[in-house]
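Read through the structure below, which is laid out as structure tokens, and then see the notes.
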Amino acid sequence: MYNISYEKTYKDGWVIIKEGSYGDWIYVVMSGKVEISRTINGKKNVLEVIKPGEIFGELAFLGSIRRTATARAVGETMVGIIDREFLDQEFNKINPDLKTILTAVVRRLRKMIDREQAVLNHEK
């Protein structure tokens with residue numbers, strides 16, 4: 001289904017992506033689970049648990065933005081890193097207007113996440 005560059009196995013609790021870091025790879029869960037969380041007021045808040053066949057890390061790829069959440073292995077987990085060159089080729093085939101819209105949506109989502117974080121930090 002996805003064009004996988006390589007696969008990597010993570011032990012339970014290992015961080016795959018750290019919130020705020022740079023990187024534009026998209027991952028697909030091959031086995032195990034991945035917990036997606038954000039730190040708000042010093043506390044970890046689990047947003048979602050990603051299961052086999054699902055992807056994560058797409059916002060950083062689409063919007064060239066910092067990682068919006070931490071991804072951590074739940075149990076032994078294998079992820080596939082989707083081939084970046086392949087993704088770039090496919091993304092560049094998209095109609096330029098649609099590409100602009102997708103990028104704008106991701107950047108707007110990032111601004112909303114940052115504003116929500118600022119409000120929550122101010123409330124503590």
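Observations
- Summed over the range 13-52, residues that are at pLDDT below 90, touching a helix residue (DSSP H, G or I) at 6+ places or on another chain (Cβ under 7 Å) and not small (G, A, S) total 4.
- The number of residues in the range 1-15 being over 15 Å from E76 (Cβ atoms), in a strand (DSSP E or B) and touching a Gly at 6+ places or on another chain (Cβ under 7 Å) comes to 1.
- In the range 91-108, the residues that are farther than 12 Å from E58 by Cα and in contact (Cβ under 8 Å) with a residue 40 or more places away in the chain reach residues that are of a type in the set (G, A, S) and assigned to a helix (DSSP H, G or I) with C-beta atoms within less than 8 angstrom, at least six apart or across chains, in these pairs: R107/G63.
- Taken together, the residues in the range 14-51 that are under 15 Å from the mean Cα position of the chain (by Cα) and basic (K, R) amount to 4.
- Residue match in the range 1-13 (condition: loosely packed, with under 13 Cβ neighbours inside 10 Å, within 16 Å of the chain's Cα centre (by Cα) and at positive phi): no
- Considering each residue of the range 88-111 in turn, none proves to be at pLDDT below 90 and touching a strand residue (DSSP E or B) at 6+ places or on another chain (Cβ under 9 Å).
- Scanning the range 63-86 for residues that are over 16 Å from I36 (Cβ atoms) and either modelled with pLDDT of 80 or more or touching a Leu at 6+ places or on another chain (Cβ under 7 Å) (or both) returns E76, M78, G80, I81, I82, E85, F86.
- Tabulated pairs, the range 22-34, first at positive phi, second surrounded by 17 or more Cβ atoms within 10 Å (Cβ to Cβ) and in a loop (DSSP other than H, G, I, E, B), C-beta under 7 angstrom, 6+ apart or interchain: G23/R67
- Some residue of the range 43-56 being in contact (Cβ under 8 Å) with a residue 60 or more places away in the chain and either farther than 25 Å from H122 by Cα or out of contact with any strand residue (DSSP E or B) (no Cβ under 9 Å at 6 or more places or on another chain) (or both): no
- Here V15 clears all of (1) in contact (Cβ under 8 Å) with a residue 40 or more places away in the chain; (2) under 16 Å from Q117 (Cα atoms) except the condition numbered (2).
The values are calculated or read from the model by the stated rules, or taken from the named source; none is laboratory data. Values in this document were obtained by computation on a predicted structure and should not be read as measured data. Glycine gets a Cβ as well: all are built from the backbone with ideal geometry, and neighbour counts include every protein chain shown.
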